[in-house]
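The structure appears below as C-alpha cells.
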C-alpha cells in the first residue's frame, strides 16, 4: 500500500487555489511549532458566501494537499457551512492521511476557522455582519 493516496499526491503536485487574495475580507494564519508548517488562508466573502479562497502554505506535501483540499471543500459555500469544516472531512476527502500527518488536516481546519473568525470580526467592526440573533 502506498504511503499517500492518489488524491494527496494530486493536491500536492497540482494544488488548487494557491496564492494571495488582495481583496480578502477574512485572513487566517496558523502554524505548528513542532513540525514547522505554516498555513495562511484568504477568503473573499460576499452575502455570507465564500466567493473565492486562496492559500499559502509553508510545509510538507501533506500540509499543501490539506490546504488545497480544504479550499476546494469551502469554495462557494455559505459561511455557516464552512464553519462546520473538520480536519476529519479534509482527511477523508483526500482518501486518508497517515496518522503522523493528521496534524496537517488539523492546521487546514484551524486556518479556515481563523479566516472565518477574522471575517466576522471585520464585518462587525464595519457594521456589515448579517443579523442572525
Any residue in region 1-23 that is at positive phi sitting within a Cβ distance under 8 Å of a residue that is modelled with pLDDT of 95 or more and in a loop (DSSP other than H, G, I, E, B)? List the pairs, counting only those 6 or more apart or interchain. 17/75
Per-region count, region 36-60, residues within 19 Å of residue 122 (Cβ to Cβ), in contact with a helix residue (DSSP H, G or I) (Cβ under 7 Å, 6 or more places away or on another chain) and outside any strand (DSSP E or B): 1
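With 115, 33, 82 as the choices, which residue is out of contact with any helix residue (DSSP H, G or I) (no Cβ under 6 Å at 6 or more places or on another chain) and within 30 Å of residue 127 (Cα to Cα)?
The unique qualifying residue is 115.
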Between residues in region 65-82 that are in contact (Cβ under 8 Å) with a residue 12 or more places away in the chain and at positive phi and residues that are part of a loop (DSSP other than H, G, I, E, B) and surrounded by fewer than 19 Cβ atoms within 10 Å (Cβ to Cβ), which pairs lie under 7 Å by C-beta distance while being six or more apart or on different chains? none
Which of (1) without any contact (Cβ under 8 Å) to a residue 60 or more places away in the chain; (2) surrounded by 23 or more Cβ atoms within 10 Å (Cβ to Cβ); (3) within 24 Å of residue 99 (Cα to Cα) does residue 50 not meet, given it meets every other one? (3)
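Please count how many residues of region 24-33 are surrounded by fewer than 19 Cβ atoms within 10 Å (Cβ to Cβ) and either touching a strand residue (DSSP E or B) at 6+ places or on another chain (Cβ under 7 Å) or in contact (Cβ under 8 Å) with a residue 24 or more places away in the chain (or both).
Keep residues of region 24-33 that are surrounded by fewer than 19 Cβ atoms within 10 Å (Cβ to Cβ), which gives 25, 27, 29, 31-33.
Next, from what is left, pick out any that are either touching a strand residue (DSSP E or B) at 6+ places or on another chain (Cβ under 7 Å) or in contact (Cβ under 8 Å) with a residue 24 or more places away in the chain (or both): 25, 27, 29, 31-32.
Within region 24-33, residues that are surrounded by fewer than 19 Cβ atoms within 10 Å (Cβ to Cβ) and either touching a strand residue (DSSP E or B) at 6+ places or on another chain (Cβ under 7 Å) or in contact (Cβ under 8 Å) with a residue 24 or more places away in the chain (or both) number 5.
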Which condition number does residue 6 fail, the rest of (1) more than 30 Å from residue 127 (Cα to Cα); (2) surrounded by fewer than 19 Cβ atoms within 10 Å (Cβ to Cβ); (3) in contact with a strand residue (DSSP E or B) (Cβ under 7 Å, 6 or more places away or on another chain) being met? (3)
Any residue in region 70-87 that is out of contact with any strand residue (DSSP E or B) (no Cβ under 9 Å at 6 or more places or on another chain), buried (at least 22 other Cβ atoms within 10 Å of the Cβ), at pLDDT 95 or above and within 30 Å of residue 3 (Cα to Cα)? no
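The values are calculated or read from the model by the stated rules, or taken from the named source; none is laboratory data. Note that the structure is predicted; figures quoted are calculated from it, not measured. For neighbour counting, all protein chains shown are included, and Cβ atoms are generated from backbone atoms with ideal geometry for every residue, glycine included.
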